[in-house]
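Colleague: I have a structure I would like to understand better, so I am pasting it below and will then ask my questions one at a time.
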Amino acid sequence: MDRRQFLAAGAAALAAPAIIRPASAQTTTLRLHHFLPAGSTFQQQVAEPWARDLAAATNGALRVEMFPSMTLGGAPPALYDQARDGVVDLIWTLPGNTPGRFPVVEVFELPFMAGSATTNSLAMAEFGEKHLRQEFRDTHVIGWWAHDPGLIHTVNRPVTRLEDLQGLKLRFPTRQTGRALEALGASTVGMPLPQAPEALQRGTVDGLVVPWEVVPSLRIQELTKFHTAVPGVPSLYTATFVLAMNRRRYTDLPAELKRVLDQHSGMAWSRRAGMAWDAAAANGLASARARNNTIQSLSTAEVARWRDRTASVSRQWLADVRGRGHNGDQLLAEAQSLIQKHSRPA
């Protein structure tokens, strides 16, 4: 290389944008622990693409290693504390796994609040920055979101009206959904979602409420025969999720890695997750149709009956959060407004 070539190469190097060039000792690997199988929408369509984006943006300096199905130990309700205590770096969980611990986020889990997963998730992201950071202060939250509208899936009895729910044993995901089902006349059974398939097989429950998204990964379409949707927006229910990181692990990240992680958090994360959940719903519906299961929707008149029966659940939540020093009416109105805002076409 002559002198002119050497100088030109040096100038090009100085003009090139800075990227992270990790040595093996500088590579940071975060362990992400969650409760669903490796084939779930969360891992396949959300977490793994997110991990690839982080690795690409940092030239491999920031990596995320997946640990599905509670392979690092413990039960799903322990996940949040595993992140808080530094047992793992990252967790994905339902706040509803620890009933009453996160009362403010439950506003999105009240009956007849939910829109699409994307709508719910974007509304939660905006709401969360203002109202949820304090509630989840023991960790650093990457993102909040909620799933697509939930349905009722039953083994032997179709549900088309209130009377069909009387005494039906249904597994429920959160305490607000459990309260709604009880108000409708069902008998509720609480358990982590991974236990639901065995409960269906053993007859411990007659059915469960989950969205279409999760149906194939747990073979719900094989274990139930009837699927009842509550049409319209807002729909019957949703459950909220959180991706949370150990606070010290986040604080100790090198500044450049923290910057990249922040760019892939918040609204960006919620949009990614919500869109993935909505897209996956079609697969769940197709899996039930392929088995010739019965798929039905409640009539408009029946939806009105259900809304009337479950109104007491929202009143109970309002009284609960007021007792904890929150302005529940304001929180509910703001959550409803954000769902309406994000339901409108962009």
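Every number here is computed from the coordinates shown, using simple stated rules; none is lab data. Nothing here was measured: the structure is a model prediction, and the numbers come from that model. Positions of Cβ are backbone-derived with ideal geometry, glycine not excepted, and every protein chain shown enters the neighbour counts.
Colleague: Would you work out the charge dipole size for the range 190-295 about its Cα centre, treating the Cβ of every Lys and Arg as +1 and the Cβ of every Asp and Glu as -1, and quote it to the nearest 20 debye?
Modeller: Working: 12 positive and 8 negative charges, 33 e Å.
Roughly 160 debye for the range 190-295.
Colleague: Per DSSP H run of n ≥ 4, the term is -39500 (n - 2.57); total these for the chain, divide by its residue number, and report the mean residue ellipticity at 222 nm rounded to 500 deg cm²/dmol. Mind dumping the intermediate values first?
Modeller: Numbers: 12 runs with 143 residues, N = 346.
Theoretical 222 nm ellipticity from helices: -13000 deg cm²/dmol.
Colleague: Can you compute the charge dipole magnitude of the range 91-161 about its Cα centre, using +1 on each Lys and Arg Cβ and -1 on each Asp and Glu Cβ, nothing else charged? Give it in debye, rounded to the nearest 20.
Modeller: Numbers: 6 positive and 7 negative charges, 46 e Å.
About 220 debye.
Colleague: Between the helical axis of 267-290 and the dominant principal axis of the chain, each derived from Cα atoms, what acute angle in degrees is found, rounded to the nearest 10?
Modeller: For 267-290 against the chain, the angle is about 50 degrees.
Colleague: Which three extents, in angstrom, do the Cα atoms of the range 233-346 have along their principal axes, listed largest first?
Modeller: For the range 233-346, the Cα spread along each principal axis is 56, 46, 28 Å.
Colleague: Using C-alpha positions alone, give me the convex hull volume of the chain per residue in cubic angstrom.
Modeller: 159
Colleague: First check a/c for the range 98-138, with a ≥ b ≥ c the square roots of the eigenvalues of its C-alpha gyration tensor; if it is under 1.5, answer rounded, and if not, answer prolate when a/b is larger than b/c or oblate otherwise.
Modeller: Since a/c reaches 1.5 but b/c is at least a/b, the shape of the range 98-138 is classed as oblate.
Colleague: Once R0 is set to 35 Å, what does the formula 1/(1 + (r/R0)^6) return for the Cβ-Cβ distance between Gln195 and Gln44, expressed as a FRET efficiency to the nearest 0.05? Mind showing how you got there, number by number?
Modeller: Values: r = 22 Å, r/R0 = 0.62.
Given R0 = 35 Å and the Cβ-Cβ separation, E is 0.95.
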